[in-house]
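Some notes on the structure that comes next.
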Amino acid sequence: MLHTDFGRLCQLVREYGHLRQEDMALLTGLSQAFLSMLESGQRRLTNIDRIIVLLDGLNAPVDITGPMLRPVAAAPGLPLRTVS
């Protein structure tokens, strides 16, 4: 997972889904500025919490991500936090 190019992944998802970076930001909870730097290679996604947020926001199938990279369900009434 450490060597996965999440910037390229985001770019491909955007292109095939006809999405803007702003749309991806809404889906993933990651900021548009961060996604821009990620896609351009200026930043890398290595924080496991951010990886989970990204994959969950993209609704990546469990058979691709594995159950370990899926968010833990929050207790009822607790708000989910976004990562920027």
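Values quoted throughout were computed directly from the atomic coordinates according to the rules given, and no laboratory measurement underlies them. Bear in mind that the values here come from a model prediction, so they are computed numbers and not experimental data. Please note: Cβ atoms are built from the backbone with ideal geometry, for glycine as well, and neighbour counts cover all protein chains shown.
Full extension of the chain between GLN32 and ASP5 gives 8.0 nm of extra length, using 0.36 nm per residue less the Cα-Cα distance.
For the range 6-69, the extents of the C-alpha atoms along the principal axes are 28, 24, 18 Å, listed from largest to smallest. Under the combined filter of DSSP loop state and at most 16 neighbouring Cβ atoms within 10 Å, the range 1-39 retains these trypsin sites (Lys or Arg not before Pro): ARG20.
Backbone N atoms of the range 32-46 closer than 12 Å to the 7 Å Cα→Cβ label point of GLU22 belong to residues 32.
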